[in-house]
1. Below 30 Å, Cα to Cα, which lysines can Lys266 reach? Residues fewer than 8 away in the same chain don't count.
2. Can you give the helix-only mean residue ellipticity at 222 nm for the chain, where every DSSP H stretch with n ≥ 4 adds -39500 (n - 2.57) and the sum goes over all residues, rounded to the nearest 500 deg cm²/dmol?
3. Which log10 I(q)/I(0) values does the range 1-54 give at q = 0.20 Å⁻¹ under the Debye formula, counting every alpha carbon as one identical point scatterer?
4. Roughly what % of DSSP beta bridges within the chain run antiparallel, to the nearest 5?
5. Could you work out the local net charge near Val239, counting Lys and Arg as +1, Asp and Glu as -1, over the other residues with Cβ closer than 12 Å to its Cβ?
6. Relative to a virtual label point 7 Å from the Cα of Lys252 in the Cα→beta-carbon direction, which members of the range 2-30 show backbone nitrogen distances below 13 Å?
7. Near Lys326, within a Cβ-to-Cβ distance under 11 Å, what is the net charge of the other residues, with Lys and Arg +1 and Asp and Glu -1?
8. Apply 1/(1 + (r/R0)^6) to the Cβ-Cβ distance of Thr265 and Lys205, taking R0 = 56 Å, and write down the FRET efficiency to the nearest 0.05.
Amino acid sequence: MKILLDAMGGDNAPDANIKGAVKAINQVEAEVILIGKEEVIRSKIKEFFGRELEEISDRLKIRNAMQAIEMEDGPTDAIKHKKDSSMVVGFNMLKNNEGDVFISAGNSGALLAGATLLVGRIKGIDRPAIAGILPAYKSRLLLIDSGANTNCKPINLLQFAQMSTIYLRNTFGIEKPAIGLLNIGTEETKGNELVRESYKLLKEKSEQLGINFVGNVEGRDAFSGKIDAIVTDGFTGNVFLKTTEGLGKFVKTSLTEGIKKNLFTKICALPSLPIINSLRKAMDYKSYGGALFLGVKKPVVKAHGSSDEILFEFTIKQAEQFVKNKAVERMIEEFEQPV
C-alpha cells in the first residue's frame, strides 16, 4: 500500500507534514510518499532528525513537485494551471494507481476540484462532500458536508445522507445509522428554503434509499449520541465544525488553567484526574484525524488546514485504515446498485 501525502499543503507546511510522516512511518505498514519540493523536504529532514531520508526508513519516499497551491488560489484555475503542484501531482499519482490514498491539508476548494476533475466522481453522485468525524456522547458524529460545497440543492443533501449511511454501515458497522438534517428547530416548517425542501425530499425518498432519516436536528442535540450523522450544506457545516473545535479548545484551556490556578486547586483535582483527562481527550478534535471525501472514485482525505505533526501522524494512520476497510470500493458497489 502507498499513502500519498501533500507535503506543501496546510498552514504549517512543510514542517508539520514532514514530522508527522516520520512519526507515523513506523506505525503503519504502508509506504509513505511525500510530495513536494525534494530539495526542501530533504533539507528539513536533515535539520529535524539529523539523518538522511533513506536512513530513517526505506518506506519513506519523495516525489518531486516544484509548485504549491496556496489558500488564496482559485480552486479550478489552480488545478488546471499548476500542474506541477504537490496537490495535482498527488491526484495524478492516485488516478494512475501509483498510490492508494491521497492526503492534503491544502485549499479545500482545490482539493474538491482536483478530486472531481482528476480522480472522478462515483457514478450517480452530483457533488462529493467532506465527511468529518466529531466526538459525541459515548459515540461519534459524522458531519457532512464539512466544507466542500457552500451552495447546495436538496438533491445534494439527499445524496449526502445516502453516502453517510453507506459509509457508516460499512466502515463502523452501524447497521441503521440515524441521519438527521441540521436545522434551527425540529419542526418540518423550520429553516430556510434549502432545508425545508431537503426535509421533504429526505422524507419522501429515505425508505426507498435505505436511509434511516430521523428528521431535523438542532445543533445542541447533535452530540447526544442518538444521532450518527447530520447532513447540511458545506457553508453551514464548516461554521458548525469550526465552532465546535473552538469550543473544545476553550473548555480544555479553561479546565487546565482552573486546575493549575494554585496549590489548593491542584490537590483538589488529583482524585478527578482520570475523568478530567478523559474529557480532555474527548474534546480534542486532533484525535479524530482527517475527513474522507465521499463521492470520489478513490480515497482522498482532507486534513485540517491547521494540522500539526500529531494530527498528520494520526491522519496517516487513519488513511491506511480507510484503504484496508475498502471504504470507497464499498461506496461504489452500494451506491451504484439499482434501486
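Read-outs throughout are calculated quantities, based only on the coordinates presented, and are distinct from any laboratory measurement. Worth saying up front: this structure is predicted, and the values here are computed from it rather than measured. Please note: Cβ atoms are built from the backbone with ideal geometry, for glycine as well, and neighbour counts cover all protein chains shown.
1. Here the lysines satisfying the reach criterion relative to Lys266 are Lys138, Lys249, Lys252, Lys281, Lys286.
2. Helix-only estimate at 222 nm: -14000 deg cm²/dmol.
3. These q points yield log10 I(q)/I(0) values of -0.67.
4. Within the chain, antiparallel bridges account for around 30 percent of the total.
5. -2
6. none
7. It works out to a net charge of -1.
8. Once the sixth-power term is evaluated, E becomes 0.55.
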